[in-house]
Amino acid sequence: MGAPMAANLLRAGWQVTAWNRSEPALADLAAQGGHRAASVSSLDGEPIIIFMLPDLNYIADAAVGLLDSWRSRAPEPGTAVVVMSSVSPAGVRDFSRAVHSASAGNAVVIDAPVSGGVAGAQAGTLAIMAGGPEPDFNRLRPLFEALGSTVRRLGEVGAGSLAKACNQLIVGTTTAALAEAAELAERSGMDAAALFDVLAGGLAGSAVLESLGPRLAAKDYRTLGPAKFMHKDLTFVLESARQSGTAVPLATAAHEVYATVQDQGLGEFDLAVVRQAIANLSGAQLSGAQLSGAQPSGAQLSDAHQEGDRNPGGNA
């Protein structure tokens with residue numbers, strides 16, 4: 001996700017300086033006109049710093065040197081730290097307080113997770129759901145509009161992450177339901193692809209069906225987004241539900257389903273592999289040869305999910 005997003009910023013005329021654990025990713029960015037940062041802490045003078053990493057723990061670790069630098073010399077007022085990963089709403093509020101303290105109040109955190117997958121990142125059509133002070137969001141809107149076609153501020157810090165949790169609640173439960181429908185149809189003698197074609201024309205039609213239906217029907221589990229991240233994201237749903245006193249029976253059930261995916265050793269495969277987990281529960285195991293054919297390579301995994309090995313960029 002980070003690489004195509006950075007490319008879109010460059011195409012829109014933004015200056016992008018990036019750090020990544022992957023040297024090839026930085027070389028590709030440099031070939032497109034971007035600049036390499038030696039470390040995250042070297043971005044301490046940039047007006048906008050974007051993080052796109054798998055989870056808040058990765059972000060906090062990457063930001064240690066940056067915050068230490070700001071404790072020694074505060075950044076310019078209005079410096080923005082943009083968290084575009086799927087993270088805990090409560091956790092990003094804690095991170096915001098840490099950034100505020102380290103920067104002597106000069107830096108603000110905006111959480112702005114995205115939905116739309118790699119295809120949306122490449123096309124610049126992501127949905128961006130943001131949380132943070134309205135004046136800061138408005139300053140960043142041109143940047144967000146270079147990345148997405150739907151951009152909304154939904155409240156203060158943490159609101160964007162809560163919106164993404166709700167998004168994942170819908171995507172996760174819908175994907176699991178589609179997987180169950182495909183397995184039920186096929187075990188009953190019906191072609192799953194034909195079923196999905198019909199469903200797409202009715203009320204059951206959805207962007208989730210359009211995106212994942214063909215892979216679910218074909219049992220294509222090559223990784224576009226590792227299933228393990230859905231379990232993580234649904235954990236944030238349950239966390240937020242506990243804090244707000246909301247009953248979420250479907251999210252609870254889906255969290256258990258994706259825990260089963262993990263327990264079966266399928267977490268590195270595509271989200272569509274939830275169908276295989278359901279098949280396994282039904283007593284039909286995919287052969288080792290078939291599963292190994294779907295196993296993603298390390299290179300595929302590095303670019304697979306919305307928040308894989310990503311680029312925090314500055315001077316955007």
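Below, the figures for the structure above:
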quantity: The chain - mean residue ellipticity at 222 nm from DSSP helices (-39,500 (n - 2.57) per run, n ≥ 4, rounded to 500); calculated: -16500 deg cm²/dmol
quantity: Net dipole in debye of the stretch 1-82 [+1 Lys, Arg Cβ; -1 Asp, Glu Cβ; about Cα centre; nearest 20]; calculated: 120
quantity: Calculated Rg and Dmax of the stretch 162-285 using C-alpha coordinates, Å; calculated: 14.2, 45
quantity: Calculated FRET value between Gln15 and Ala218, using beta carbons and R₀ = 35 Å, to 0.05; calculated: 0.25
quantity: Beta bridge orientation in the chain: antiparallel %, DSSP, nearest 5; calculated: 30
quantity: Nearest-20 debye value, the stretch 94-253 charge dipole, Cβ charges on Lys, Arg, Asp, Glu; calculated: 300
quantity: Cα-based helix-to-principal-axis angle, 134-145 vs the chain, degrees rounded to 10; calculated: 60
quantity: Option label - Cα Rg over 2.2 N^0.38 Å computed here, alternatives (1) 1.10; (2) 1.20; (3) 1.03; calculated: (3)
quantity: Integer Hz, Karplus 6.51/-1.76/1.60 couplings in order for the stretch 108-117, x for Gly and Pro; calculated: 10, 9, 10, 8, 9, x, 10, 9, x, x
quantity: Spacing of the two label points (7 Å from each Cα toward its C-beta) at Arg152 and Ala123, in nm; calculated: 1.9
quantity: C-alpha long axis of helix 159-187 to longest principal axis of the chain, angle in °; calculated: 20
quantity: Cα-based helix-to-principal-axis angle, 228-244 vs the chain, degrees rounded to 10; calculated: 70
quantity: Amide hydrogen neighbours beyond the local backbone of His35, cut-off 5 Å, H modeled; calculated: Val16, Thr17, Ala18
quantity: Check: the stretch 178-244 dipole with +1 on Lys, Arg Cβ and -1 on Asp, Glu Cβ, in debye; calculated: 300
quantity: Gap separating the Cα centres of the stretch 165-213 and the stretch 25-82, nearest whole Å; calculated: 40
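None of the figures in this text is laboratory data; all of them are computed from the coordinates on show. Keep in mind it's a predicted model, so treat the numbers as computed, not measured. All Cβ positions, even for glycine, are placed from backbone atoms using ideal geometry, and neighbour counts span all protein chains on display.
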